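What follows draws every value from the coordinates through simple rules; no lab data is involved. Treat the numbers as computed from the prediction; the structure is a model and nothing was measured. Using ideal geometry, Cβ is built from the backbone for each residue, glycine included, and neighbour counts are taken over all protein chains shown.
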Amino acid sequence: MRVWITRNIKGLQDKIKLVQIYLQNKPDWYKENVYPINKVPSLEHNNKVTGESLDLIKYVDSNFEGPLLLSDDNLKQEFVEELIAYSDTTFVPLVYSSFAKDTRTLAGAQFHYLEKSLHKFDDGPFFLNQFSQVDITYSPFIEKFQIFMPEGFSYDITTGRPKLAKWIEEMKKLDGYK
């Protein structure tokens, strides 16, 4: 979803073709001819295959036309790297592991971290004010958690987190995200 959102936001629907792959039954041609690591997503561009969604967000942003999704401000670039690294090493694993433990405390700390991060550049609804790679990085997971957690754990991730609630509201307005 991350790469798909990046593609859509940059207006590359005619330049980057989506190929549906069933994760439980990947075709042999994919591993043999496209991406030997056999993971998704991957992108073949200029006779080179790149994989891993976080790497692909950056690759698509820097190698294709469309709005840039990374600030040229050094402070914001450092913050981007910090938040992107945090997403897959800490945020996602801890929220998922909280489902078997104390969801309110463990997951709550992760959503509090995002709320605090949304206050760092307090001049817009997104992590860096304008929509960026960071927003793409978190959006698929936050969307799922916002839907699943109230039903599964009676836990609303936006309660007491007005910036996160506003971020979700603004994300839903973006055509490339929808």
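Just a few scattered comments:
- Electrostatic dipole magnitude of segment 37-178 [Cβ: Lys, Arg +1; Asp, Glu -1; Cα centre; debye, to 20]: 440 debye
- Exposure proxy ranking, count of Cβ atoms within 10 Å, fewest first, for 84, 37, 57: 37, 84, 57
- Residue 9 sits among other residues whose Cβ lies under 10 Å from its own Cβ, and their net charge, with Lys and Arg +1 and Asp and Glu -1, is -1.
- Listed from fewest to most Cβ neighbours within 10 Å, the set 167, 4, 29 follows the order 29, 4, 167.
- Convex hull of segment 1-40 built on C-alpha atoms - directionally averaged projected area, nm²: 3.2 nm²
- Entries of 10/48; 15/116; 116/173 with Cα pairs more than 28 Å apart: 15/116
- Computed over the chain, relative contact order equals 25 percent, with contacts defined as Cα pairs under 8 Å that lie 6+ residues apart.
- Distance between segment 3-34 and segment 79-122 - C-alpha centres, whole angstrom: 28 Å
- For segment 74-171, a Kirkwood radius taken over Cα pairs fed into Stokes-Einstein (20 °C, viscosity 1.002 mPa s) yields D = 158 µm²/s.
- A value for mean projected area of the Cα convex hull in nm² was derived from the coordinates, and within the list [x] 11.2; [y] 10.3; [z] 14.7 it appears as [x].
- Taking a ≥ b ≥ c as the square roots of the eigenvalues of the alpha-carbon gyration tensor, segment 25-103 is classed oblate because a/c is 1.5 or more while a/b is no larger than b/c.
- For the chain, the membrane-span-like helix rule (DSSP H, alpha carbon extent of at least 24 Å along the helix axis, mean Kyte-Doolittle at least -1.0) picks out 133-153; this says nothing about an actual membrane.
- Here the sum of -39500 (n - 2.57) over DSSP H runs of 4 or more residues, divided by the residues of the chain, equals -15000 deg cm²/dmol at 222 nm, to the nearest 500.
- Cβ-based charge dipole, the chain, positive-most Cα from 34, 114, 57: 34
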